[in-house]
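> Dumping the structure here so I can ask a few things about it.
Read the figures in this text as sums done on the coordinates, not as results from a lab. Treat the numbers as computed from the prediction; the structure is a model and nothing was measured. With ideal geometry, Cβ positions are generated from the backbone for all residues, glycine too; neighbour counts draw on all protein chains shown.
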Amino acid sequence: MLRAVGVGAAVGLAGCSGGPGGGAQPTPTEEPTPTPAQTPTSTPTPAPEGQTHTVTMHMEPSNGGMAFYFDPVAVAIQPGDTVEWELVSGQHTATAFPARIPEGAEPFDTGLLTEAGTTASVTFETEGTYDYYCEPHRGLQMVGRIVVGVAGGPGNEGSPPEGMLPAGFDVQEAGAVSFAEWSAIEGFTYGSWFRGVDAFDGTEDETGDETKTIMVGAQGNGGPFAFDPTAILVDAGTKITWEWVAGTHNVVAVDGSFRSGDPVEGGTYTYTFDEPGVYTYFCEPHRGLGMKGAVVVQ
């Protein structure tokens, strides 16, 4: 019976317990110990890794000259993404214009890549527009643009003096602008160095010769305003002599590596090209008339 009534019997007996001669004392029933509530836990989701975008670097024959370019010319990425430059041909760098990157961002420089297939990478954290160039071919307008997140900052204001680039917001919308797309618009040959230069009709191969003469003031570009030949390919160590034939001119390298002096009428100027690269030059008084030249050293 006790087992039958269980706790009910214990409750009924409680009213007369404690007096003398009372009946048997009930056994207290232990209250169950509550189990502490478990605090729910969650595993944080790791932040997604940034994507890698490849930009190739080229030196290729193009329309009778040489083209030096990044491909794509411009690319849009997100903060945390990485750009990997891969050398396809020639020798190039990817070097930031310090004055054309977002405020607070660090300028980058891949260093000179010299062997095909080698790569260099930079990860971008700060939003904005980054303009950069190839150090050996800066004078040939080998420039590129990266838009991180939203276009903006000093790099989004037009293009660098060294070359034209797609507008930052256009890049942001397109995702990337290839060299083929951009050259179809801009007509790049030697970058765009010889665009509008009537005297340019290709690159003469003068490899194998230790010396070469270039006429200064040859007929072209509407008068005695040309170098002849306009562009040549030579071996490293070649000695080039510029010989004045007409007019008042000088010879000035875009990168500052050589200069004949102030414009003069008559005379010669000699310079030896020891290092491979592309050297563009011009006549100061007649640059606007298209009096430009190039020496490609291999």
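> Using per-residue counts of other Cβ atoms within 10 Å, averaged over each peptide, order 249-255, 205-211 from highest down.
Working: 249-255: 20.0, 205-211: 12.3.
Top of the packing list down: 249-255, 205-211.
> Also, quick follow-up: Taking the simple approach of a point 7 Å from Cα along Cα-to-Cβ for both Ser121 and Gln51, what is their distance in nm?
1.6 nm
> I'd like the distance separating the alpha-carbon centroids of segment 60-131 and segment 267-298, in whole Å.
26 Å
> What are the principal axis extents of the Cα atoms in segment 52-186, in Å, biggest first?
Largest to smallest, the principal-axis extents are 39, 30, 23 Å.
> Based on C-alpha coordinates, I'd like the Rg and Dmax of segment 120-220, in Å.
17.6, 52
> If neighbour count is taken as other Cβ atoms inside 10 Å, put Thr129, Thr56, Thr270 in order from fewest to most. All intermediate terms of the calculation are to be shown ahead of the outcome.
Values: Thr129 28, Thr56 17, Thr270 13.
Least to most surrounded, the residues fall as Thr270, Thr56, Thr129.
> Here is a further query. Sorted by packing (mean other beta-carbon atoms within 10 Å per residue), highest first, where do 137-146, 118-127, 287-296, 150-159 land?
In descending order of packing, they fall as 137-146, 287-296, 150-159, 118-127.
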